[in-house]
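Notes follow once the structure below has been shown.
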Amino acid sequence: MDLGSLPRIDAGTLDRLMPMRHAVTALVDALRAGVLTGGDAMPRTVTGVSSGQLLYMPAEFGPYAGVKLASVAPGNADLDLPRISGLYVLLDSATLLPLALLDGAALTSLRTPAVSALAVDRLAVPGAARLVVFGTGPQAWRHVEAMRTVRPVGHVGVVGRDPGRTEAFLTRCRDAGLPADRVGNDAVRDADLVLCCTTAREPLFPGRLVPAHATVVAVGSHEPDAREVDTDLVCGSTLVVESRSTALREAGDILLPLAEGKLRPDAIAGDLAELVGGRVDTGRPVPRLFKSVGMAWQDLAVAAAAYERLRAAPDRAAARSG
């Protein structure tokens, strides 16, 4: 097989093919088609190596299969290098022949906030305008962009560890027409939306400060012993996850309160399929919490939709490497 003839969807091409709203639609369509029926059939493999982790994430649904090979190198931030890199191979599910190669990091940086936007659109109060974001990296920025597609965000409070990166993030927000200020972790008390997009292993703020009308999204951790939100928030919220089996295997934000004996597995109010189907009770006067660890079907849904849009685009040949 001539791999050089395969379409290559790089970061710029993916952005052109899949604006955030299209990525959200691809995820909703997959959920409505039953992608989560039977739970997480293909859990990912995470292998520790000297500089971080290697991830192998396979999935199959409908006419497509695919696999993401990704790396997570926490030390890269100090070298001004990407923390996450990778490659996605989209396959025909009947023949398992490759159809396209995608930038795995760009795919991750699109599908993760798209999943969050999907959840927030169904959980957050309609007028949610005050956003607090923890983190100043690529996921934090893409999440701010994603929230603007589903809610009338009018102000961003930024909580960051590095003053230079925080100031650069504030400038980026202001250049995009968003008033933004550096805030402390207690700013969650006045927030409508709270985004946790960090590498933290301990809670970022006291959960008791979050107002009852607010929605919190935690996406930074996929390890059983790390968390961004505390037990108070997890136990005192309407808790929604991607899938129960995945959350109970990988989400430290949930597993640690379970280990403390303060949370029961049946406290999870619903998963994404139930949320999209309108089967999650969001009427309780408590915060809503969406905990995401990332699942392989999400990459597949967005990659397949990008490939189909590429095939239909007049300039699709421009995405091929020559």
Completion exercise
The residue from 242, 202, 228 that alone is under 13 Å from residue 254 (Cα atoms), surrounded by fewer than 17 Cβ atoms within 10 Å (Cβ to Cβ) and within 21 Å of the chain's Cα centre (by Cα) is 202
Practice task
Give 113, 43 a once-over and let me know the one that is closer than 13 Å to residue 298 by Cα, touching an Asp or Glu at 6+ places or on another chain (Cβ under 9 Å) and surrounded by 20 or more Cβ atoms within 10 Å (Cβ to Cβ).
Solution key: 113
Practice task
For residues that are within 23 Å of residue 117 (Cβ to Cβ) and among the small types (Gly, Ala, Ser), scanning just the stretch 1-30, find the one that is surrounded by the most Cβ atoms within 10 Å (Cβ to Cβ).
Solution key: 23
Completion exercise
Among the residues of the stretch 58-103, the number that are modelled with pLDDT under 95, of a type outside the set (S, T, N, Q) and not in a strand (DSSP E or B) is 11
Fill in the blank from the handout: Of the residues in the stretch 142-162, those that are crowded, with 21+ Cβ neighbours inside 10 Å and of a type in the set (Asp, Glu) number 0
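Do we have residue 313 as in contact with a helix residue (DSSP H, G or I) (Cβ under 6 Å, 6 or more places away or on another chain), outside the structural domain of residue 118 (by TED's automatic domain parsing) and surrounded by fewer than 23 Cβ atoms within 10 Å (Cβ to Cβ) here?
no
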Fill in the blank from the handout: Taking the stretch 213-225 and keeping only residues that are modelled with pLDDT of 95 or more and surrounded by fewer than 24 Cβ atoms within 10 Å (Cβ to Cβ), one is left with 213, 219
Practice task
Scan 212, 269, 305 and give me the residue that is part of a helix (DSSP H, G or I) and over 14 Å from the mean Cα position of the chain (by Cα).
Solution key: 305
Completion exercise
Only one of 272, 300 is more than 20 Å from residue 196 (Cβ to Cβ), aliphatic (A, V, I, L, M), crowded, with 20+ Cβ neighbours inside 10 Å and in contact (Cβ under 8 Å) with a residue 24 or more places away in the chain, namely 300
Handout entry: Test: residue 282 is in contact with a strand residue (DSSP E or B) (Cβ under 7 Å, 6 or more places away or on another chain) and surrounded by fewer than 24 Cβ atoms within 10 Å (Cβ to Cβ)
Key = yes
Problem - Candidate set from the stretch 61-77 (those that are over 16 Å from residue 138 (Cβ atoms) and surrounded by fewer than 18 Cβ atoms within 10 Å (Cβ to Cβ)); member that is nearest to the chain's Cα centre (by Cα) - result: 69
Handout entry: Pairs, first assigned by TED's automatic domain parsing to the domain that holds residue 277 and under 12 Å from residue 306 (Cβ atoms) in the stretch 17-40, second modelled with pLDDT of 95 or more and of a type outside the set (Ser, Thr, Tyr), C-beta under 6 Å, six or more apart
Key = none
Practice task
Among the residues of the stretch 215-266, write down those that are farther than 22 Å from residue 199 by Cβ, in a loop (DSSP other than H, G, I, E, B), in contact (Cβ under 8 Å) with a residue 24 or more places away in the chain and not acidic (Asp, Glu).
Solution key: 236, 237, 243, 262, 263
Completion exercise
Checked against (1) modelled with pLDDT of 95 or more; (2) in a loop (DSSP other than H, G, I, E, B); (3) of a type in the set (Val, Ile, Thr), residue 199 satisfies every condition except (1)
Problem - Subset tally (residues that are small (Gly, Ala, Ser) and more than 24 Å from residue 151 (Cβ to Cβ)) for the stretch 222-246 - result: 3
Exercise for the section: Considering every residue within the stretch 274-282, establish whether at least one is over 25 Å from residue 129 (Cα atoms) and within 19 Å of the chain's Cα centre (by Cα). Expected result: yes
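The values are calculated or read from the model by the stated rules, or taken from the named source; none is laboratory data. The model shown is predicted, which means the values in this text are computed figures rather than measured ones. Neighbour counts run over all protein chains shown; Cβ positions are idealised from the backbone, glycine included.
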